[in-house]
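This report concerns only the one structure given below.
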Amino acid sequence: MSDKIGALDITIMGRTYKVACADEERESLLQAVAYLDQKMNEIKATGRIGSAERIAVMAALNITHELLTLQAAQTSVNGFDIEGVKRRIASMRAALDEALAPQENLF
């Protein structure tokens, strides 16, 4: 596994940027660039937003919304609240530890 950092030229909405990137992260960065470029071009194509800065902000908001929606979906699988179950298990474990603590003094 190499931690070599290199420079990579990327293009988003026709503009080229030079970014630092570890060799082993190159492919995932290129996938992220392609996704961001696609989202920004979709927003640009609507014609309602003109400046690249506003297009970038709207793309960031859309991608963040997608990420948070996916995270929420992973928290609840088939309507089952996994995080709620984890909290209840932790609470039961704490109650058991408290109840069994006096028993340790007997042995």
Residue, surrounded by the fewest Cβ atoms within 10 Å (Cβ to Cβ), within the range 48-76, restricted to residues that are in contact with a strand residue (DSSP E or B) (Cβ under 9 Å, 6 or more places away or on another chain) and under 20 Å from ILE12 (Cα atoms):
ALA52
Going through the range 1-37 one residue at a time, which ones are surrounded by 12 or more Cβ atoms within 10 Å (Cβ to Cβ) and assigned to a loop (DSSP other than H, G, I, E, B)?
MET13
Filter the range 23-50 for residues that are touching a helix residue (DSSP H, G or I) at 6+ places or on another chain (Cβ under 9 Å) and aliphatic (A, V, I, L, M); which is nearest to LEU67 (Cα to Cα)?
LEU36
Looking at ILE55, is it touching a helix residue (DSSP H, G or I) at 6+ places or on another chain (Cβ under 9 Å) and in contact (Cβ under 8 Å) with a residue 40 or more places away in the chain?
yes
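No value in this document is a laboratory result; all are computed from the given coordinates. This one's a predicted model, so the numbers in the text were calculated from it and none came from an experiment. A quick note on method: Cβ atoms are made from the backbone with ideal geometry, for glycine too, and the neighbour counts reach across all protein chains shown.
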